[in-house]
Amino acid sequence: MSDWKPITLSELWDQIYKTETDLNGNLWNFWQLIKIDPVKWEEKTHGKEGDGFWVIAICGTKIIWYNDIEEGFNISNYKIYGHIAEYWCNQDEISCCITRLFKVIIGH
C-alpha cells in the first residue's frame, strides 16, 4: 500500500461528470436532489491515511461516498454529519449507487 495515493478532487469530479452525462429521467432528477459538492468525511477504521473519504451525495441518513482504497463507490449510513458510520469496500460505479438508493427510496 506504500504506492497508494488518495484520489484527487479533480479526478473525482471527472468521474462525477462522466456519470452525469449518462443519467436521465427519474435517476437524473433524483441525483439533482441528493448530490453535493464533494467533501471529505471521517471514517475511523480505514479513512485516516487519506484524511477521510469523499462524500458526493446525501439522502436522509444515507450517503454515497468514494472509497479510493478500493476504487469504488459505496452507500453507507451516518448518524453524525461528517462521519461515515459504515465502511464498505464495494467497487461500484456512481450510477449503480444512485440506482440502488433510488430503489430504496421508492420502495423497490
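The values are calculated or read from the model by the stated rules, or taken from the named source; none is laboratory data. Note that the coordinates shown come from a computational prediction; the quantities given were computed from them, not determined experimentally. Every residue, glycine among them, receives a Cβ derived from its backbone with ideal geometry; neighbour counts consider all protein chains shown. Areas reflect the complete protein model, heavy atoms only, side chains present, ligands, DNA and RNA absent. Shrake-Rupley method; radii C 1.70, N 1.55, O 1.52, S 1.80 Å.
Only one of (1) surrounded by 11 or more Cβ atoms within 10 Å (Cβ to Cβ); (2) farther than 16 Å from Arg100 by Cα; (3) modelled with pLDDT of 95 or more fails for Ala57. Which number is that?
The failed condition is (2).
So, in the stretch 29-50, of the ones that are part of a helix (DSSP H, G or I) and not aromatic (Phe, Trp, Tyr), which residue ends up most open to solvent (accessible area, probe 1.4 Å)?
Leu33
Looking only at the stretch 13-28, count how many residues are surrounded by 12 or more Cβ atoms within 10 Å (Cβ to Cβ) and either closer than 18 Å to Phe102 by Cα or in contact (Cβ under 8 Å) with a residue 24 or more places away in the chain (or both).
8
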